Amino acid sequence: MPPIIHCVRHGQGFHNLGGGCYTIPDPRLTPTGESQCESLRKDAFFDQSKISLIASSPMCRTLQTASLVFKSALTSNHKSQRIIALPDAQETTSDPSDVGSDPDILQLIVEKEKWPMDLSLVHDGWNQKKARSRYSPSNDAIKVRARDARLFLRTKLRELVANGDDDVEIVLVTHGGFLHYFTNDWEDSYRQPGTGWYNCETRSYVFESDFRSNHDEEAWLMETRESRRRRGKDHPMYGRMNQVKLFHTAMECWEGQGLQRPDQVDLDLEVEA
């Protein structure tokens with residue numbers, strides 16, 4: 001069985017409660033969001049014995065989700081003792097709710113909450129979404145960091161297998177918008193505001209090509225048939241040609257929802273250039 005990557009969207013955050021809530025900086029989970037995490041832990045992740053690595057966006061709502069859902073793996077499984085905070089997996093927009101905390105503040109939060117985090121990859125500037133920066137909310141920038149997040153996890157998988165872990169499952173806890181870029185799956189991408197993922201939804205993926213080979217420079221993912229069946233999808237994940245069409249539909253629908261569309265960010269700078 002190829003190594004599995006379980007992708008999880010965070011539980012309900014306070015920014016998910018309605019209009020105007022996107023102005024809340026780096027929000028935590030609501031009580032409902034915490035309950036969703038508890039349900040996910042008892043249901044889809046009741047057995048966490050095979051989970052060898054847990055990565056998460058460094059946003060508070062994702063760190064909180066990862067800590068709550070994967071409590072068992074973090075406390076009783078020698079494989080996964082700390083959650084890797086991965087800046088490339090942060091959310092896509094420049095709304096205050098999608099901008100993370102400064103590293104020193106995040107460190108204080110993590111220590112206070114006793115979240116078992118590895119913050120070694122979180123450096124100054126990770127939460128600055130300036131035009132043409134690595135974390136710009138533009139389409140091109142998001143695509144690059146989504147690819148790099150896939151490459152990062154592929155490298156980690158190789159290390160785990162090389163160290164004798166033959167039955168590998170890893171987890172990425174991240175955000176609804178970013179998940180479409182990470183998986184390159186735009187089907188139903190406007191079912192919720194800015195995403196097709198429900199809060200605390202999980203889907204499972206494998207690498208499209210052999211994860212031990214460098215042939216696939218993009219490290220594309222493919223959702224497993226079992227994962228798709230769990231959510232009522234009888235057909236395989238659409239191919240990349242169809243995904244391009246679905247992406248353009250998503251951008252139009254996100255705009256209709258009053259949301260930032262990444263494909264139009266920084267266009268004025270391109271015209272000036």
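Under the convention that each Lys and Arg Cβ holds +1 and each Asp and Glu Cβ holds -1, the size of the dipole of the chain around its Cα centre is about 680 debye.
Mean Kyte-Doolittle of at least 0.5 and a Cα length of 27 Å or more along the axis: which whole DSSP H helices of the chain meet both? Don't jump to the answer; show the numbers that get you there.
On the way: long enough: 139-162 (35 Å, -0.29).
None pass (Cα extent of 27 Å or more, hydropathy at least 0.5).
Take every DSSP beta bridge with both residues inside the chain and express the antiparallel ones as a percent of the total, to the nearest 5. Counting only bridges with both partners in the chain, antiparallel ones make up about 35 percent.
Seen from Gln260, the other residues with C-beta closer than 11 Å to its C-beta sum to a net charge of -3, counting Lys and Arg as +1 and Asp and Glu as -1. Here segment 1-66 has an Rg and Dmax of 13.6, 45 Å, counting Cα atoms alone.
Excluding Thr93 itself, what net charge comes from residues whose Cβ is under 10 Å from its Cβ, given Lys and Arg +1 and Asp and Glu -1? Write down the numbers at each step before the final one.
Working: positive: Lys129, Arg261; negative: Glu91, Asp95, Asp98.
Local charge sum for Thr93: -1.
Go through segment 215-256 and name the GluC sites (Glu not before Pro) that are in a DSSP coil and have 14 or fewer other Cβ atoms within 10 Å of their Cβ. Write out the running numbers ahead of the final one.
Details: sites: Glu217, Glu218, Glu223, Glu226, Glu252, Glu255; in loops: Glu217, Glu218.
Passing both the DSSP loop test and the Cβ count: Glu217, Glu218.
For the chain, the mean residue ellipticity at 222 nm estimated from helices alone is -11000 deg cm²/dmol, where every DSSP H run of n ≥ 4 contributes -39500 (n - 2.57) and the total is divided by all residues, rounded to the nearest 500. Computed over every Cα-Cα pair of the chain and binned at 10 Å starting from 0, the pair-distance distribution P(r) comes out as 7, 31, 39, 21, 3, 0 percent.
Taken over segment 34-125, the ratio of Cα radius of gyration to 2.2 N^0.38 Å equals 1.08.
Report, in cubic angstrom per residue, the convex hull volume of the C-alpha atoms of segment 111-220. Before the final figure, lay out each step's value.
Numbers: hull volume 17.2 nm³, N = 110.
Spelled out: Cα convex hull of segment 111-220, divided by residues, is 157 Å³.
With a sphere of radius 9 Å drawn around the Cβ of Met59, what net charge do the other residues whose Cβ falls strictly inside it have (Lys, Arg +1; Asp, Glu -1)? Could the numbers behind the result be given before it?
On the way: positive: Arg61; negative: Asp26, Glu91, Asp98.
Local charge sum for Met59: -2.
Relative intensity of segment 169-264 on a log10 scale, I(q)/I(0) at q = 0.12, 0.22 Å⁻¹, equals -0.40, -1.26, per a Debye sum over C-alpha point scatterers of equal strength in the absence of solvent. Kirkwood's formula applied to the C-alpha pairs of segment 181-223 gives a hydrodynamic radius of 11.8 angstrom.
Computed from the coordinates by the stated procedures, all read-outs in this text should not be read as laboratory data. Please read these numbers as outputs of a predicted model, since none were measured by experiment. Note that each Cβ is placed from the backbone with ideal geometry, even for glycine, and that neighbours are counted across all protein chains shown.
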